[in-house]
Every structure is written in C-alpha cells, then in structure tokens.
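Engineer: Sharing a structure, written as structure tokens. Questions coming.
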Amino acid sequence: MNCKIYIIADAEEDIISIYKYVARNDSIQKAEILLKSIEERISNLSELANRGHIPPELERVGVYEYREIHFKPYRIIYQIIDYNIYVHCVLDSRRELEDLLQERLLR
C-alpha cells in the first residue's frame, strides 16, 4: 500500500520543539540528524502503514483508530484513513503521555 502522508500542525510543532531542544542542549548537527531520522521514519510509513501498534494508553480507553511507531525515545502517533496517513504527534516517550494523548487525539 502506498499512502500519502500528512503531518498535522500539532505534530509539526512537536518536531520543531524536539529540534530546538536538541539544538539548544546538544548541538545543531545532532538536531539536524535527529530531524532527518524522524522524517525518514515517517516517510517509511507510506509503504508499511499497518506495521505500527495501537498506543496502550488509547487501547485502555477503547480507542483503536490510532497507531504508533517508535524512533529512539520518540513515539510517532498516526492514523490511517483510506490511503492517507495523518501524523498527529511526535512525543518523547519518557514523559507521562496518557492525558496528553487523550486530550490531543480525542478532542
């Protein structure tokens, strides 16, 4: 399946925040490498969209339409609708995410 990928505004903000944090606290070069790696991971979804699993925080409340893949400590949360993939979040898995996921994805 070749899907078209859309990164919604919240996910774009997540990616920008991650980039800025790494650039400020480590180096711009590492931030660039991380950004390219996240973008590559997202772009790989176009051919293997179903490989992700349902986020456990959402599964516990009966929400099954979202999937996630991981890259390093980051979770990429997305939804497949027809042949389109909508990336909703790119979040640091070291944070408490249950409330954030429910607030952001179920509004």
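Engineer: Being touching a residue at least 12 places away in the same chain (Cβ under 8 Å) and either loosely packed, with under 11 Cβ neighbours inside 10 Å or assigned to a loop (DSSP other than H, G, I, E, B) (or both) is the filter here; which residues of the stretch 61-71 pass it?
Structural biologist: Across the stretch 61-71, the qualifying residues are Val61, Val63, Glu65.
Engineer: Considering each residue of the stretch 35-59, count those that are closer than 18 Å to Ser93 by Cβ and without any contact (Cβ under 8 Å) to a residue 24 or more places away in the chain, and give that number.
Structural biologist: 6
Engineer: Any idea which of Ile76, Ile38 is aliphatic (A, V, I, L, M) and assigned to a strand (DSSP E or B)?
Structural biologist: Ile76
Engineer: Would you please name the residue that is farthest from the chain's Cα centre (by Cα), looking only at residues in the stretch 32-57 that are modelled with pLDDT of 90 or more and of a type in the set (A, V, I, L, M)?
Structural biologist: Restricting to residues being modelled with pLDDT of 90 or more and of a type in the set (A, V, I, L, M), the top hit is Ile33.
Engineer: Which one of these does Tyr86 not meet: (1) at pLDDT below 95; (2) surrounded by 14 or more Cβ atoms within 10 Å (Cβ to Cβ)?
Structural biologist: Tallying (1) at pLDDT below 95; (2) surrounded by 14 or more Cβ atoms within 10 Å (Cβ to Cβ), Tyr86 fails exactly one: (1).
The values are calculated or read from the model by the stated rules, or taken from the named source; none is laboratory data. On a predicted model such as this, the values are computed, not experimentally measured, just so you know. Cβ atoms come from the backbone with ideal geometry, glycine included; neighbour counts cover every protein chain shown.
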